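Inspection log for the structure reproduced underneath, given as structure tokens.
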Amino acid sequence: MRPIDPEQYAEFKASGRLPSPKGVALAVIRLLRNDNYEMPDLVRLLQSDPAMAGRLLRFANAAAVGSTRPVVGVGEAVLILGAQRIRDLVLGFSLLRDYRNGRCEAFRFETFWSRSLATAIGAQTRASQAQIAGEEFFTLGLLCDIGILALVAYDCGLYGEALRRAERKSEGMSDAERAVFGIDHRELGAALMAEWGLPTALTNAAYHSETPDAGGLVAGSRQHALALSIQFARTLADICIGGGRDHSDLLPELYVKGARLGIGPNDLAAFADDVVRRWRDWGAALQVQTREVPPFADIMTLAPP
């Protein structure tokens, strides 16, 4: 992973414009940095934000499929999910709530979060089908592109210039960002995630998720699997954002990425339909814009496997 220049990062932070957790999320992160924290203190913090508590209960119930009774208490949700996963989820939900609007003609905040939520749901669904705990996949999917939001928040005008440069010179967005900002969204995003205390495995996976095979990750390793899952989920999210029509050219790419995760063409339609259903359910709960998507069996006729 390309290290960020400390002085440059300090300059970005000094602007006061970078995304950062606030309120209950910030208090939770600070509390959990103390190894001797008391569980009742964590529960009281979470209960002080009813909306956040409700989202965590919804997530805990999804994680406790098969249980004989629903999860109704925040303390029980903490026991099911674990304090560290609670921290990561609270962070993600907090950023989604506090940084969903802004003035920038070159950037659509609602589309960003809609795509991020679809990526999170896609990654989590893949994890659950592989019988892996899906909470960290959800957090990673939701925050994997947080560096883009950070660049926009830092200077919307410069971000628009980077977009135009990428289009004009037909260069990758990361190269255009480095030319304009001196840093790219992957570097800035990884630095933010590390500062917030997310596990190194998630930070590295987020950094490499656009090109999992080009960053030296060991094939078969947990970080490589995380990066591949996010790469696949991003492509599926792009098709969802386009309503299944605008991005039908992405289908061959989706087939290949799905196959690397053991999701063959025969299973892909049911998998994608499940992701779309959950994306729309979570979008309604989080007030994130989604859209109707035709059955993937119909979409796949546009570009058969």
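Just so you know, all these numbers are worked out from the coordinates, no wet-lab data involved. These figures come from a predicted structure and were not determined experimentally. Backbone-built Cβ (ideal geometry, glycine too); neighbour counts: all protein chains shown.
May I ask for the distance between the Cα centers of segment 224-292 and segment 63-116, given as a whole number of Å?
About 19 Å separates the Cα centre of segment 224-292 from the one of segment 63-116.
Can you tell me what the convex hull of the Cα atoms of segment 1-151 projects to on average, as an area in nm²?
Average projection, Cα convex hull of segment 1-151: 10.9 nm².
Computed on alpha carbon atoms, what radius of gyration and Dmax characterise segment 20-98, expressed in Å?
In Å, with Rg to one decimal and Dmax whole: 12.0, 38.
Roughly how many nanometres apart are two label points built 7 Å out from the Cα toward the Cβ at Gln84 and Arg168?
So the label points at Gln84 and Arg168 sit 4.6 nm apart.
For the chain, what are Rg and Dmax over the alpha carbons, in angstrom?
Considering the chain through its Cα atoms, Rg and Dmax are 19.1, 58 Å.
Run the lone-cysteine check on the chain: no other Cys C-beta under 4.7 Å from the residue's C-beta.
Flagged as lacking a Cys partner: Cys144, Cys240.
Just to be sure I understand the rule: take each whole DSSP H helix in the chain, project its Cα atoms onto its long axis, keep it if the span is 18 Å or more and its mean Kyte-Doolittle hydropathy is at least -0.5. Which ones pass?
Details: long enough: 50-63 (19 Å, 0.49); 83-98 (22 Å, 0.21); 109-129 (30 Å, -0.20); 156-169 (20 Å, -0.91); 222-241 (28 Å, 0.66); 265-286 (31 Å, -0.32).
Membrane-span-like by this rule: 50-63, 83-98, 109-129, 222-241, 265-286.
Summarise the long-distance tail of P(r) for segment 134-282 by giving the % of C-alpha pairs beyond 20 Å.
Everything past 20 Å amounts to 55 percent.
Please report the Cα spread of segment 192-269 along all three principal axes, rounded to whole Å, starting with the longest.
Taking the Cα atoms of segment 192-269, the three principal extents are 39, 25, 20 Å.
Relative contact order (percent) for segment 20-98, with alpha-carbon contacts under 8 angstrom and 6 or more residues of separation?
Answer for segment 20-98 is 39 percent.
Pick from Ala123, Ala214, Ala191: which is most flexible by mean-square fluctuation in a GNM of the chain where alpha carbon atoms under 10 Å apart are linked?
Fluctuation is largest for Ala214.
Report the extension gain between Arg108 and Lys13 in nm, rounded to one decimal, defined as 0.36 nm multiplied by the number of residues separating them, less their alpha carbon distance.
Here the segment from Arg108 to Lys13 would lengthen by 31.9 nm.
Lysines near Lys22 by alpha-carbon distance under 27 Å, same-chain residues fewer than 8 away left out - which ones?
Hits, sequence-local ones excluded: Lys13.
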